[in-house]
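S.K.: Please see the structure below; I have some questions.
Just so it is clear, none of the values below were taken in a lab; they were calculated from the coordinates. Worth saying up front: this structure is predicted, and the values here are computed from it rather than measured. Note that we place each Cβ from the backbone using ideal geometry, even for glycine, and neighbour counts take in every protein chain shown.
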Amino acid sequence: MRTALFGALIATLAFPATADTYWPSESDIVTPTARGLSVASEDGTTRAEIPFGSGFQDTMHGLIGIFGWEVDVTFPQECGAGPMVAADWPNEITLMFENDRFAGWFLGTGDLLSTDTGLWHGAPTSNLTTPGGVSFFESGLGTEFDSAGLYGLLTEDGARIEAIWTGLNCIFR
């Protein structure tokens, strides 16, 4: 009797009835949005949303399954937004965390992801079409834009997008 009860207890703990059946894979597609990140399978089926405010461990757990363990975690010094943690997957995306919470993302040189509005590093400025318009302004960085909650920087000649970000970031002007 004890053996059967012990076996049933182990099976219950090992395979909980309410377990989430989704597990991130390398074939999943991550799409940055103004609200955080969206994860979909290759066929476009939405698998998970990772909104701003998500915990560091949960966010990293989901993305390591997709992008792998080649991530650089740093602590940017003198960040205008305050103490932050940056998790950078080279050629993919940089995530920013504040108080162990997902707070922003950044796409820059070499990053290959595209936002849900069709923006990516190197995209032509003609992709900046947003209902309600796009605003441009000059800063110490150069020509910046605001497009429906996504912000960025144009190349010196204004023809392409140099970088895109949203949420909290360490952008020095």
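S.K.: Just add up the charged neighbours of Pro76: K/R +1, D/E -1, any other residue whose Cβ is under 12 Å from the Cβ of Pro76. The partial results should precede the final answer.
M.R.: Values: positive: none; negative: Asp72, Glu78, Asp88, Glu98.
Around Pro76, the surrounding residues sum to -4.
S.K.: Could you line up Asp88, Asp100, Asp111 from fewest to most neighbouring Cβ atoms inside 10 Å? Write down the numbers at each step before the final one.
M.R.: Numbers: Asp88 18, Asp100 12, Asp111 22.
Ranking Asp88, Asp100, Asp111 by Cβ neighbours within 10 Å, fewest first, gives Asp100, Asp88, Asp111.
S.K.: Rank the residues Trp120, Trp105, Trp165 as a footprinting-exposure proxy: fewest other Cβ atoms within 10 Å of their Cβ go first. Working shown, then result.
M.R.: Working: Trp120 16, Trp105 27, Trp165 20.
Listing Trp120, Trp105, Trp165 from fewest to most nearby Cβ atoms yields Trp120, Trp165, Trp105.
S.K.: Then there's this: Please identify every one of the chymotrypsin sites (Phe, Trp or Tyr not before Pro) in the stretch 50-98 that sits in a loop by DSSP and has no more than 11 other beta carbons within 10 Å of its own beta carbon.
M.R.: Answer in residue order: Trp69.
S.K.: Give a quick list of GluC sites (Glu not before Pro) in the stretch 69-173 that DSSP marks as loop, anything other than H, G, I, E or B, with at most 12 other Cβ atoms within 10 Å. Mind dumping the intermediate values first?
M.R.: Details: sites: Glu70, Glu78, Glu92, Glu98, Glu138, Glu144, Glu156, Glu162; in loops: Glu70, Glu78, Glu92, Glu156.
When the GluC sites (Glu not before Pro) of the stretch 69-173 are filtered for loop state and at most 12 Cβ neighbours within 10 Å, Glu70, Glu78, Glu156 remain.
S.K.: Same structure, new question: Is the shape of the stretch 24-123 best called rounded, prolate or oblate, per the rule: a/c under 1.5 gives rounded, else a/b larger than b/c gives prolate, else oblate, with a ≥ b ≥ c the square roots of the Cα gyration tensor eigenvalues? Mind showing how you got there, number by number?
M.R.: On the way: a/c = 1.62, a/b = 1.37, b/c = 1.18.
Cα axes put the stretch 24-123 in the prolate bin.
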